[in-house]
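First the structure, in the form of structure tokens, and then the observations on it.
The values are calculated or read from the model by the stated rules, or taken from the named source; none is laboratory data. Note that the coordinates shown come from a computational prediction; the quantities given were computed from them, not determined experimentally. We place every Cβ from the backbone using ideal geometry, glycine too, and count neighbours over all the protein chains shown. Calculation scope for accessible area: heavy atoms of the full protein, side chains included, ligands and nucleic acids excluded. Shrake-Rupley method; radii C 1.70, N 1.55, O 1.52, S 1.80 Å.
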Amino acid sequence: MKIKKSEFITSATKKEDYPIEVLPEVAFVGRSNVGKSSLINMLLNRKKLAKTSSTPGKTRLINFFSIDDKFRFVDLPGYGYAKVSKVQKEKWDKYISDYLKYREYLLSIFVLVDSRMPPTSLDIKMIDMVKELGYEVNIILTKVDKIKNNQLSKMKKILIKDYEIKKENIVECSSLKRIGKYDFWDHLNDIFEKNSIEVRMERQ
Ligand code: GTP
Ligand code: MG
């Protein structure tokens, strides 16, 4: 299936405001500025569906996007943005963790990690949380246009060896250079199949 329609559905902070229509959801989490919103745009061949910014802290709510009324992408606020108050940070962290903990339609979680540096303590905390909640950890290494191939191999080794991520669950991406789209859709198709969801996406 080629994407015919991708649309913004709603923004929410608390669970009462999440969409009620039963559809599987794929969530994107990661440090502020790591490239979550840009990735969603790249994957959906849209320029400005999810709002992006060069300054961290752009996405402040949980944003839901529907793809051909078959499944949803969920763009979450980033964590670890230093320039906001502790109270604000705690609020965002609660939006994220409540969503991940309580969302019954959540099918799969992608943790975005900047390919230029080893996972930060907050990335590790997120990876642990995903595992504790019983989800498989899928990693997207972002901004690979900014690093050399040997650095990228090193990063992948660290993730596999030190954080026990499965090799096949790591996708390398660059939204700038449009790298990783095919790998992502192939991987998501595998996830759909494993969960007996009858959706099969073409390479977009
Ligand atoms: P928050 O909403 O603040 O949590 O950030 P985010 O994770 O959604 O990041 P966003 O997509 O807004 O991108 C942050 C910055 O990184 C923007 O300036 C993007 O242009 C840039 N960026 C995103 N993806 C890439 C990429 O693949 N390569 C490069 N070089 N820059 C990127
Ligand atoms: Mg964002």
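Show the residue pairs that are 6+ apart or on different chains and have beta-carbon atoms under 6 Å apart, the first residue being within the range 131-157 and closer than 14 Å to Pro119 by Cα, the second being hydrophobic (A, V, I, L, M, F, W, C) and in a loop (DSSP other than H, G, I, E, B).
Val137/Ile165; Ile139/Ile165; Ile140/Cys173; Thr142/Val34; Thr142/Cys173
Within the range 36-47, can you find the residues that are in contact (Cβ under 8 Å) with a residue 60 or more places away in the chain, within 11 Å of ligand 2 (Cβ to nearest atom) and either open to solvent by less than 30 Å² (accessible area, probe 1.4 Å) or hydrophobic (A, V, I, L, M, F, W, C) (or both)? Spell out how you get there, then give the answer.
Within the range 36-47, the first condition is being in contact (Cβ under 8 Å) with a residue 60 or more places away in the chain, and the residues that meet it are 36, 38-39, 41-45.
Those still in the list that are within 11 Å of ligand 2 (Cβ to nearest atom) too: 36, 38-39, 41.
Matches in the range 36-47: Lys36, Leu39, Asn41.
Any residue in the range 59-73 that is of a type in the set (Gly, Ala, Ser), within 15 Å of ligand 2 (Cβ to nearest atom) and open to solvent by less than 70 Å² (accessible area, probe 1.4 Å)?
From the range 59-73, those of a type in the set (Gly, Ala, Ser) are 66; that's our starting set.
With the extra rule that they be within 15 Å of ligand 2 (Cβ to nearest atom), the set shrinks to none.
Within the range 59-73, none of the residues are of a type in the set (Gly, Ala, Ser), within 15 Å of ligand 2 (Cβ to nearest atom) and open to solvent by less than 70 Å² (accessible area, probe 1.4 Å).
Within the set of pairs 6 or more residues apart or between chains, which connect a residue that is over 28 Å from Asn189 (Cβ atoms) and in contact (Cβ under 8 Å) with a residue 40 or more places away in the chain inside the range 48-75 to a residue that is open to solvent by 10 Å² or more (accessible area, probe 1.4 Å) and not in a strand (DSSP E or B) with Cβ atoms less than 7 Å apart?
Leu61/Thr13
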